[in-house]
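Structure record follows, encoded as C-alpha cells.
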Amino acid sequence: MSTRTLATRPTVASVTRANSQLRRQLAALRHDHAELLVAARAAVTAHYDGAALPLTVLIDTLDQLGALPEYAPQLTDDGIEALAADSASLTGRRVA
C-alpha cells in the first residue's frame, strides 16, 4: 500500500476567500502607488516653483506609508551648540 497522500482540492469557498484577500492587497498597493505618485508630482512642481523645501510632501507621504528610510543626520559642532542654546525639546525623527 502506498503512503502517498492525495492532494486536497481547493473548495470554492477557499478560492473565493483567497481571491478576496488578493483583491484587498491589490487595492492597498494601488492606493499607496497613487499616493506616492501624487507626492512625487507635488515635489517636482514645488521644485519648479522654487519652493524652499520641495521634498517635504514626498517625505511626509513616505513617513505615513512607513517607507521613509532611516536617516541619522550628522550635526556639526555649531549645530549642536545652536540646538543647546535654543533649549527646545526635539521631537520626531528629523531635524529640519
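The values are calculated or read from the model by the stated rules, or taken from the named source; none is laboratory data. Fair warning: this is a prediction, and the values are worked out from it, not measured in the lab. In this analysis, Cβ positions are derived from the backbone assuming ideal geometry, glycine residues included, and neighbour counts consider all displayed protein chains. Keep in mind that these areas ignore ligands, DNA and RNA; they rest on the heavy atoms of the full protein, side chains included. Shrake-Rupley method; radii C 1.70, N 1.55, O 1.52, S 1.80 Å.
Within the stretch 43-75, the set of residues being open to solvent by 80 Å² or more (accessible area, probe 1.4 Å) and modelled with pLDDT of 75 or more comprises HIS47, TYR48, ASP49, ALA52, LEU53, LEU55, GLN64, PRO69, GLU70, TYR71.
Residue-by-condition table, conditions (1) under 30 Å from THR61 (Cβ atoms); (2) open to solvent by 70 Å² or more (accessible area, probe 1.4 Å); (3) out of contact with any Ser or Thr (no Cβ under 6 Å at 6 or more places or on another chain):
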{"residue": "ARG9", "(1), (2), (3)": "no, yes, yes"}
{"residue": "ALA18", "(1), (2), (3)": "no, no, yes"}
{"residue": "ARG24", "(1), (2), (3)": "yes, yes, yes"}
{"residue": "HIS31", "(1), (2), (3)": "yes, yes, yes"}
{"residue": "ALA34", "(1), (2), (3)": "yes, no, yes"}
{"residue": "ALA40", "(1), (2), (3)": "yes, no, yes"}
